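The block underneath contains the structure these notes are about, expressed in structure tokens.
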Amino acid sequence: MLMIIVMLFVFGLIFGSFVNALVWRLRQQELASKKSKVHKVSKDVIAKLLSTFHFQPSTKSDDLSIVHGRSMCPECRHELSALDLIPVFSWLYLRGKCRYCHKPILIQYPLVELLTAGLFVASYIWWPSTVSSLLSTMQFATWLLIIVGLVALTVYDLRWMLLPNRLIYPISGLAVAFGLINVSLADSPATALINTALAVLVGGGIFYVIFQVSNGKWIGGGDVRLGWMLGLLVATPAKAVLTIFLASVIGSLVSLPLLARGKLKIKASIPFGPFLITGAIITVLFGADILNWYTNTLIGY
């Protein structure tokens, strides 16, 4: 068991490093796409303008490729060596600064790596079912990939207040696979399928209504799509409600102290995606126990 935990922690660090690169490249690709639509001039003219106004060095589109691009410093765009890419260790060894331009490296990088590693290990320790067959192993492996996607969504939403479809759609595909495996493993597949469908309806339906009523002012379209997707993961309508409840409670616990200290304005926009994702992860791992406790303790059934 200890060996598995160590392996999962190491893989979590590696995938956490991938998340950092992924969200940065997606953001840079999005900005590059917007620039290309606004400025319909030659590449040479754009390069001269960027140089004139001292913007960051230009980067070829191939360099920003998620598959083929090489790791680089976000500030100076210098290609990083193997020693610069060791999760957590490199950040500590370099004292949080780029080896080449000496500009600070965001604390986000080691934190995301440790978060992903921690979630990998926590998922193994508190996984609600036994991983004893090929299908159940596939379910757990799919969940770990979903975790990687959810962490990427969390980072992206926290930094840029956006849940991009380029992340939502692939993770939704994994969530569909996870849901189908969950249905196949259930004692009553038909009942599990109905419950999953209801969970999707509850998870996304509530946010869809809020989105329509407010004309998108209270909640974004990305949150609606995220709600549909998380419904596939939690698999029952009761757990979908629990996810939303936990997200609201966590959001309040984070927001109210910031409001009290004056660090957050009442009309300020707060990304709700990270709270939803946190609520869903808690629900997947502990939802059954929480609902049983609620039923037995508070209702008395």
Residue pairs within 7 Å by beta carbon, gap of at least six or interchain, first lying in region 255-267 and surrounded by 11 or more Cβ atoms within 10 Å (Cβ to Cβ), second modelled with pLDDT of 80 or more, listed first then second, are Ser255/Ile270; Leu264/Ser255; Leu264/Leu258
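Could you please let me know if Ala175 is touching a Leu at 6+ places or on another chain (Cβ under 8 Å), among the small types (Gly, Ala, Ser), farther than 23 Å from Met72 by Cβ and modelled with pLDDT of 95 or more? Talk me through it step by step, then tell me what you get.
Values: touching a Leu at 6+ places or on another chain (Cβ under 8 Å): yes; among the small types (Gly, Ala, Ser): yes; farther than 23 Å from Met72 by Cβ: yes; modelled with pLDDT of 95 or more: yes.
Answer is yes for this residue.
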Those residues of region 117-147 that are open to solvent by 60 Å² or more (accessible area, probe 1.4 Å), part of a loop (DSSP other than H, G, I, E, B) and either free of Cβ contacts under 8 Å to residues at least 24 places away in the same chain or farther than 16 Å from Leu8 by Cβ (or both) come to a total of 4
Sole miss for Arg99 among (1) more than 27 Å from Ser172 (Cβ to Cβ); (2) part of a helix (DSSP H, G or I); (3) not hydrophobic (A, V, I, L, M, F, W, C) is condition (2)
Within region 193-222, restricting to residues that are farther than 24 Å from Asn182 by Cα and open to solvent by less than 50 Å² (accessible area, probe 1.4 Å), the one that is modelled with the lowest pLDDT is Gly216
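Check region 232-253 and report whether any residue there is under 20 Å from Asn165 (Cβ atoms) and surrounded by 21 or more Cβ atoms within 10 Å (Cβ to Cβ). Walk me through it before giving the result.
Our first condition is that a residue be under 20 Å from Asn165 (Cβ atoms); within region 232-253, this holds for 232-233.
Filter once more, so that each one left must be surrounded by 21 or more Cβ atoms within 10 Å (Cβ to Cβ): 232-233.
Checked against the condition, which is being under 20 Å from Asn165 (Cβ atoms) and surrounded by 21 or more Cβ atoms within 10 Å (Cβ to Cβ), region 232-253 yields at least one hit.
The values are calculated or read from the model by the stated rules, or taken from the named source; none is laboratory data. All figures in this text were calculated on a predicted structure; none of them were measured in a lab. Heads up, the Cβs are rebuilt from the backbone with ideal geometry, glycines too, and the neighbour counts pull from every protein chain shown. Keep in mind that these areas ignore ligands, DNA and RNA; they rest on the heavy atoms of the full protein, side chains included. Shrake-Rupley method; radii C 1.70, N 1.55, O 1.52, S 1.80 Å.
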